[in-house]
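The values are calculated or read from the model by the stated rules, or taken from the named source; none is laboratory data. Every value quoted in this text rests on a predicted model; they were computed, and no experiment measured them. Cβ placement follows ideal geometry from the backbone for every residue including glycine, while neighbour counts extend to all protein chains displayed.
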Amino acid sequence: MDRNSVIGFSLIAVIMIVWLQFMKPEQKAKLDTAQPAREMVHKDSTASAPPPVAPEASAETLGSFAKASTGTEKIITIDNDLFTAKLSSKGATLKSMVLKKHLDVNGKPFDLISDKAKGALSMLFLSNDGKRIDTRDLYFRSLDTKTSETVTGKQKLSVSFVLNVDASRSIEATYTFTGDSYVIDYDLSLKGFGSTLAGNEYQLDWDGGLVYSEKNTADESHNAISSAYLGGGLLKLDAKDSKKRYHTEESGKAEWVAVRNKYFVAALIPQRETEGVFLEGTKKNGSDFENYTAALKMMIPVGSQTVSDHYRLYVGPLDYNTVRSLHVGLEKIMDFGWDWLTRPFAAYLILPIFNWMNKYVTNYGLIIIIFAFLIKL
């Protein structure tokens, strides 16, 4: 074998090693499995709707928010170029997200939201009288008369919900959709809550693992995690053992918190400094499905009677270029193997070339063969 052949085969071997590292399952850190100090909302993917709560029970558990625990749910459907989303006036939450360009193993559209009874997004806090409030238990009023809206291209569409707790306190949540984007702008306005929340803090939660789409659910489970990026470091939580309940929390400024599976990610991206993050996960016994919570901790300045927080919500494919374009380091949730060695090589050389080839060749196996052949030449 001549010198050129040795060099060529060596380069092919390097490419294959890097590619295998890029495609291998996540290696997830082991985290503390003690019970959380504050119990978070947690439902598995098979959760059913809770039974109606008696008025006296509502007053006992919700205090001054009890009046908002009864009402009529209104569902608003939003269609854009990439997905169909359903918002609910109960909790002002996201109850359904079906991506149009991604199908399940049977070639059919599927819903990424696992807890279809309660929804995925919520505001969670403790009142000064010790009541634990999850906004998904409360009925908001929709400010929109329509139950279905369509937005395309660069068009924008906003949907708002408001909850008047009493004469001086209100919560307003607004979702803004863009026709050609997976990003949803989320605005949360609190009025009159300056001194009525314990610790002057609330949490914005994504609650629920993302639904699997492959037949091999065990493989998808290997890639399912809850994660956060703060202080320049990546925090991961893997609920791989059904006998344990996993949780971790850290203080500091977070760029994002997220829940992912093999192909998709749901991320909350704050626009002001956070107090910290909370991650939790469980795995149902006898199932591959892993359920997760990812939450941002937000402080309310003492004495502030009006707080307006802006977030970006990304629910979509775990595509490197797409998540990198958000400019918050969300691409770091993707595993490239030995991060210090393979990430620069894969991200700035291999991946761009593969993406360019993929415009003309849809089979990745064939792309690898072509790529290796070109290098050998």
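Tabulated values for the structure
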{"quantity": "Count of region 182-197 residues which are in a loop (DSSP other than H, G, I, E, B) and surrounded by fewer than 19 Cβ atoms within 10 Å (Cβ to Cβ)", "calculated": "4"}
{"quantity": "Count of residues meeting criterion [in contact with a strand residue (DSSP E or B) (Cβ under 8 Å, 6 or more places away or on another chain) and surrounded by fewer than 17 Cβ atoms within 10 Å (Cβ to Cβ)] in region 151-161", "calculated": "4"}
{"quantity": "Given (1) within 30 Å of LEU126 (Cβ to Cβ); (2) polar (S, T, N, Q); (3) buried (at least 19 other Cβ atoms within 10 Å of the Cβ), index of the condition SER64 fails", "calculated": "(3)"}
{"quantity": "Residues satisfying the stated conditions in region 216-249, i.e. out of contact with any Lys or Arg (no Cβ under 7 Å at 6 or more places or on another chain), under 16 Å from LYS262 (Cβ atoms) and of a type in the set (Val, Ile, Thr)", "calculated": "THR217"}
{"quantity": "LEU351, sole failed condition from (1) surrounded by fewer than 19 Cβ atoms within 10 Å (Cβ to Cβ); (2) modelled with pLDDT of 85 or more", "calculated": "(2)"}
{"quantity": "Answer from THR152, THR77, THR145 - the residue that is modelled with pLDDT of 95 or more, hydroxyl-bearing (Ser, Thr, Tyr) and outside any strand (DSSP E or B)", "calculated": "THR152"}
{"quantity": "Selection status of ARG169, surrounded by fewer than 18 Cβ atoms within 10 Å (Cβ to Cβ) and over 24 Å from the mean Cα position of the chain (by Cα)", "calculated": "yes"}
{"quantity": "Residues within region 267-300 that are farther than 22 Å from GLY231 by Cβ and surrounded by fewer than 19 Cβ atoms within 10 Å (Cβ to Cβ), tallied", "calculated": "5"}
{"quantity": "Residue satisfying all of: in region 224-242; surrounded by 24 or more Cβ atoms within 10 Å (Cβ to Cβ) and small (Gly, Ala, Ser); nearest to GLN271 (Cα to Cα) among these", "calculated": "ALA228"}
{"quantity": "Some residue of region 113-122 being outside any loop (DSSP other than H, G, I, E, B), among the β-branched types (Val, Ile, Thr) and surrounded by 21 or more Cβ atoms within 10 Å (Cβ to Cβ)", "calculated": "yes"}
{"quantity": "Matching residues, region 212-227, being in contact with a Phe, Trp or Tyr (Cβ under 7 Å, 6 or more places away or on another chain) and either over 11 Å from ASP288 (Cα atoms) or in a strand (DSSP E or B) (or both)", "calculated": "SER213, SER226"}
{"quantity": "Filter result for ALA294 (in contact (Cβ under 8 Å) with a residue 60 or more places away in the chain, under 28 Å from THR196 (Cα atoms), among the small types (Gly, Ala, Ser) and not in a loop (DSSP other than H, G, I, E, B))", "calculated": "yes"}
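Per-residue answers, yes or no, for (1) over 22 Å from MET97 (Cα atoms); (2) over 25 Å from the mean Cα position of the chain (by Cα):
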position	(1), (2)
ASP144	no, yes
GLU149	no, no
THR152	no, no
ASN164	yes, yes
GLY192	yes, yes
GLY199	yes, yes
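For (1) charged (D, E, K, R); (2) in contact with a strand residue (DSSP E or B) (Cβ under 7 Å, 6 or more places away or on another chain); (3) more than 30 Å from THR176 (Cβ to Cβ), each residue gets a yes or a no:
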position	(1), (2), (3)
ALA258	no, yes, no
LYS262	yes, no, no
GLU280	yes, yes, no
ALA295	no, yes, no
VAL307	no, yes, no
